[in-house]
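Asks: Here it is: the structure, laid out below.
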Amino acid sequence: MLVFYRRHVCRLEPWPDCLNRTFAQLAADPEVYHTMNGPSEFHVTGTLRNWSIVERLGWIKTPTLVTSGRYDEATPAIAETVHRGIAGSEWTLFEKSSHTAHLEEPERYLQVLDAFLSRVETQRSRV
């Protein structure tokens, strides 16, 4: 699994402490992960096995920013499906990132997030 994670979850070497802490916490208390996903990423047997939100994406009326990495385990095709399903959403693909673009491209990620929030705040102040 580590080979997959290093390609599609975080491509930084070494991994940042915050990500290591996340995985350590997950290992210490895997109940929720195992219930939802199962024992691994590669054969989903948990409650998410047949779950899909695609049909309900149109219900989302809140300004939405979809982010994904070029090498993301949640592939660009998945992010595009989410983006197309939420009217008015914005999607940014981080070309140098996997699943953790906020760690792999932090400056650009913050720029994208700041610009999105500024646009949303400006639109709301006009209403």
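The values are calculated or read from the model by the stated rules, or taken from the named source; none is laboratory data. For clarity, every value in this text was computed on a predicted model and none was experimentally measured. Here the Cβ is made from the backbone with ideal geometry for all residues, glycine too, and neighbour counts use every protein chain on show. Note: areas computed on protein heavy atoms with side chains; ligands, DNA, RNA excluded. Shrake-Rupley method; radii C 1.70, N 1.55, O 1.52, S 1.80 Å.
Asks: Determine whether residue 56 is closer than 30 Å to residue 123 by Cβ and in contact with an Asp or Glu (Cβ under 7 Å, 6 or more places away or on another chain).
Replies: Values: closer than 30 Å to residue 123 by Cβ: yes; in contact with an Asp or Glu (Cβ under 7 Å, 6 or more places away or on another chain): no.
No; evaluated as a whole, the condition is false for this residue.
Asks: Something else now. If the requirement is being in a helix (DSSP H, G or I) and under 16 Å from the mean Cα position of the chain (by Cα), which of these qualifies: 57, 26? Spell out the reasoning first.
Replies: Values: 26 fails: under 16 Å from the mean Cα position of the chain (by Cα).
Result of the check over 57, 26: 57.
Asks: Of these, 72, 29, which one is of a type in the set (D, E, K, R), loosely packed, with under 14 Cβ neighbours inside 10 Å and at pLDDT 95 or above?
Replies: One residue alone meets the criteria, 29.
Asks: Right, next: Could you check segment 76-127 and list, in sequence order, the residues that are open to solvent by less than 40 Å² (accessible area, probe 1.4 Å) and part of a loop (DSSP other than H, G, I, E, B)?
Replies: Listed by number, the residues that qualify are 86, 89, 97, 98, 100, 105.
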